[in-house]
Amino acid sequence: MVRQGFFEKNLRYIFPLPAVLFVVVLMVFPVAYTFFLSFTDWTLTSGRPLSVVGLNSYLQVLKEPRFLEALGRTFYFTFGSVIVEMLLGTALALILNRSFKGKGVVKTLLLLPLVATPVAIGIVWNLFYDPTIGILNYVLSVLKLPQSGWVSDAKTVMPSLIIVDIWQWTPMITIIVLAGLAGLSSEPYESAMVDGANSRQVLFRITLPMLMPTILTAVILRAIDALKTYDIIYSMTGGGPGYASENLNVLAFKYSFEYFRMGQSAVMLVFLFIIVLLFSLLVMRLRRAFEL
């Protein structure tokens, strides 16, 4: 009988080891280090060494009105965009699930916002939103409607950014829901036809309830991404005018790389991590409830 060596005995541990090390180095360590920094008062420009202050760093951040306002904008941006994207994306998927001429062209055009880079999208939409040469204000002037400052006005900057997010990410919801529609069983529809159900009853009593786990999966993916949105906001407004479009990610970036207050920036990122985690767990529980 051939005696196995160390390598042969431990293949099940050795083969996954590179992947495990990769995850630890590139994912677990940064998260753990951010949690550690959140308990410090590390400021790069202070000239003082890093010192652990415990929860005082959290209390200091919670007392700052700018943080609380950014937290509110984060929820406003996320729920304002995701709810509309869910409704529009589901409606578009139901339309595209039918057969009609030019369906392939429509699907191709639907993918274009997803393949464009966020910075390019921000530049183009800033041209649309420009108060003097932008096409949107031109259209409003032609229609004899009051013009808007769009992203240059503190009152309209967040709705303007939400419109961009809806334009960019509604196709993702549509694609996911389309995949869910393709996987639905035909038996409930056959039973509904035998019972004489009309199209509205089929939609609201069969299609949408069966689609709900897929829709909630799309909502989880989109909401997590929306909570962490940085590129579109920073490329279009930089968090301005003033602080009117700062969300948690943009504010944390500024605290890190403009004010060099690394400890407080880490606190904000920890809050963002907890919010994303809790929201994901909530929606996943709702998804399991619909699957039962």
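Residues checked against (1) within 18 Å of L161 (Cβ to Cβ); (2) touching a Ser or Thr at 6+ places or on another chain (Cβ under 6 Å):
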residue	(1), (2)
L50	no, yes
F67	no, no
A70	yes, no
T90	no, no
L96	no, no
G102	no, no
V106	no, no
L112	no, no
On the basis of being closer than 27 Å to I206 by Cβ and crowded, with 16+ Cβ neighbours inside 10 Å, does G180 make the cut?
yes
T174 - would you say it is surrounded by fewer than 19 Cβ atoms within 10 Å (Cβ to Cβ) and closer than 25 Å to L92 by Cα?
no
Pairs, first under 15 Å from A266 (Cα atoms) in segment 23-34, second part of a helix (DSSP H, G or I) and modelled with pLDDT of 90 or more, C-beta under 7 Å, six or more apart:
T34/A266; T34/L269; T34/V270
Could you check segment 139-156 and list, in sequence order, the residues that are more than 29 Å from Y234 (Cα to Cα) and of a type in the set (D, E, K, R)?
K144
Does segment 252-290 hold any residues that are among the basic types (K, R) and either under 15 Å from A70 (Cβ atoms) or buried (at least 20 other Cβ atoms within 10 Å of the Cβ) (or both), and which are they?
K254, R261
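Output the residue which, of all residues in segment 110-144 that are under 17 Å from the mean Cα position of the chain (by Cα), β-branched (V, I, T) and in a helix (DSSP H, G or I), is surrounded by the most Cβ atoms within 10 Å (Cβ to Cβ).
Kept after step one, since they are under 17 Å from the mean Cα position of the chain (by Cα), are these residues of segment 110-144: 113-119, 121-122.
Then keep just the ones that are β-branched (V, I, T); that gives 115, 117, 119, 121.
Those left that are additionally in a helix (DSSP H, G or I): 115, 119, 121.
Numbers: V115: 7, V119: 13, I121: 19.
Here the residue is I121.
Look through E69, E85 and report the one residue that is in a helix (DSSP H, G or I), under 28 Å from S256 (Cα atoms) and touching a residue at least 24 places away in the same chain (Cβ under 8 Å).
Numbers: E85 fails: under 28 Å from S256 (Cα atoms).
Residue meeting the stated conditions: E69.
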Residues to consider are G149, G89; find the one that is modelled with pLDDT of 90 or more, buried (at least 18 other Cβ atoms within 10 Å of the Cβ) and among the small types (G, A, S).
G89
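Answer yes or no as to whether T74 is of a type outside the set (A, V, I, L, M), part of a helix (DSSP H, G or I) and under 30 Å from I166 (Cβ atoms).
Numbers: of a type outside the set (A, V, I, L, M): yes; part of a helix (DSSP H, G or I): yes; under 30 Å from I166 (Cβ atoms): yes.
In short, yes.
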Which one of these is out of contact with any Leu (no Cβ under 9 Å at 6 or more places or on another chain) and either at pLDDT 90 or above or part of a helix (DSSP H, G or I) (or both): K155, K101, K107?
K155
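The values are calculated or read from the model by the stated rules, or taken from the named source; none is laboratory data. Because the structure is predicted, anything quoted here is derived from the model rather than measured. Counting neighbours? That spans all protein chains shown, and the Cβs are built from the backbone with ideal geometry, glycine included.
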